[in-house]
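S.K.: I'd like to ask some things about the structure below.
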Amino acid sequence: MAHCTHRVPTSRIIVISFFFGITGSIVLLSLLLFFRENGSTPSKITNSESTENVEINVKPNTPTSPSFMGTLQPTSAELSAASSCDLLGKKKWTDLSLSLKSAAISLGYDECSWDFPPYNNKIEYQPWSYLKLSQQENAKILGCNEYSWNINANHFYGISWDDLAEYGVKECAENLGYSQISWDNNSTDPESTEKWWKDLSEVEKGAAKCIGYGKKTWNTAYVCDHKINFEFTQILESVDSCVMTPSDGRGDRVGHAIALLPGEFICSRNGRYRFGMDKFGSLVWKDEETNKEIILFEGQNEYSFALSMNADLVVYDEKRQPVWNLPCIYEVHFGAECLVNPMFYYDCPYLHLHADGVVALNYLENGYDDDSFWGEVNIKKVYEWEDGLWDL
């Protein structure tokens, strides 16, 4: 927001001078000069404040050099507000009150973009200074102010390098490997941005937290951009609820972005093991021979499951909104037709249920690079499951 300058009309000074005398006028003028030189202004003029005889000079915002209202160094109150600005998926969409949800909807949020930040809502690309007044008011309803919005929702995207210093986070950006050129010009990103959270150094993790990121949000999945096909399996044949795909005819694999609906599984070729959604909408692994079952996520009727493009395990509710997301701890990229033979093909990543009951994630590391290599690993090792979940 632009800085505001208060100006008192000269006519008022003349009247005050006559009333108070020369001495009072000198004192008054000294005070006026002091406030004007030090730029002392309220951070916002509300409807309850009188704006009569107050002139406000507004400095236009520019994309390359946004200006801000008020003091940029966060106060203790602002730091407290930063932790209460629930835009990092801290408070689930379903738990929001009607007033909070209404404010969120006005800002362009839906259940997916609220529960899975950042940048699944395009408004998060805008610093506070670029928000319309009505948007700022709705953000305030959500507990946000300029500082907490820019750190928790926007992550200082679009804020100039010089203004990072005003916020006290320039050193954090430097610790992540940014320079003024790479930050302001969106040039080559530093090496830290290519790392998974677990691979960041402690200094880098601290710097990431400083600009509002955490384990969940550093390696964002953009799950709301994934176009999950919820109808694909409905046109396929199935044998005992085992989904038979046209590409392999075996039913022991499922590609990413293909939803398994309630009662649909991939099954090992020997028919002993199943992985998928039971009729109650829970994600399960089953041993048909021993009747042992592991509930990986307890869902509800009409819930479905899909593997995302970056290998997250995602469960969707009856409205096809994600309600559970288990990130893959490996770096996984999309790879077209990574498994091909004359009869079938699969894009990576995909899941494969082996005859011994192992559910394996097949993926390409550095999938867009020439030095890509194939990876196949037990899903027990690439997701952070609850302790003892897989114990039989």
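S.K.: Which shape class applies to segment 253-319: rounded if a/c is under 1.5, otherwise prolate when a/b exceeds b/c and oblate if not, where a ≥ b ≥ c are the square roots of the Cα gyration tensor eigenvalues?
M.R.: oblate
S.K.: With every protein chain kept in the model, how would you rank LEU261, LEU98 by accessible area, 1.4 Å probe, largest at the top?
M.R.: Putting LEU261, LEU98 in descending order of accessible area: LEU98, LEU261.
S.K.: Could I ask something else about it? May I ask which of LYS215/LYS380; LYS92/LYS205; LYS101/LYS319 have a Cα-Cα span longer than 21 Å here?
M.R.: Distance filter (> 21 Å) returns LYS92/LYS205.
S.K.: Here is a further query. How many Å² of accessible area per residue for segment 159-219, probe 1.4 Å?
M.R.: For segment 159-219, the solvent-accessible area averages 53 Å² per residue.
S.K.: Moving to a separate point now. Run the paramagnetic zone check for ALA355: 7 angstrom along Cα to Cβ, then residues of segment 273-313 with backbone nitrogen under 15 Å.
M.R.: 273
S.K.: Given 0.36 nm per residue, what is the gain on full extension from ASP184 to TYR130 after removing their alpha carbon distance, in nm?
M.R.: 17.8 nm
S.K.: Once ligands and nucleic acids are excluded and a 1.4 Å probe is used, how much of VAL377 is accessible, expressed in Å² to the nearest 10?
M.R.: Around 20 Å² of this residue is reachable by solvent.
S.K.: Ok, one more. In nm, to one decimal, how far is the modelled label at ASN291 from the one at LEU98, with both set 7 Å along Cα→Cβ?
M.R.: Spacing of the two 7 Å Cα→Cβ label points: 4.9 nm.
S.K.: Separate question: Report D for segment 159-200 in µm² per second (integer): Stokes-Einstein, Kirkwood Rh on Cα pairs, 37 °C, 0.692 mPa s. Could the numbers behind the result be given before it?
M.R.: Working: Rh = 10.7 Å.
Translational diffusion coefficient: 306 µm²/s.
S.K.: Return the FRET efficiency for the residue pair SER106, TRP196: r is the Cβ-Cβ distance, R0 is 45 Å, and the value is rounded to the nearest 0.05.
M.R.: 0.85
The values are calculated or read from the model by the stated rules, or taken from the named source; none is laboratory data. Please read all numbers here as calculations on a predicted model, not as lab measurements. Cβ sites come from the backbone with ideal geometry, for glycine too, and all protein chains shown count toward neighbours. Protein only, heavy atoms only, side chains kept; ligands, DNA and RNA dropped before computing areas. Shrake-Rupley method; radii C 1.70, N 1.55, O 1.52, S 1.80 Å.
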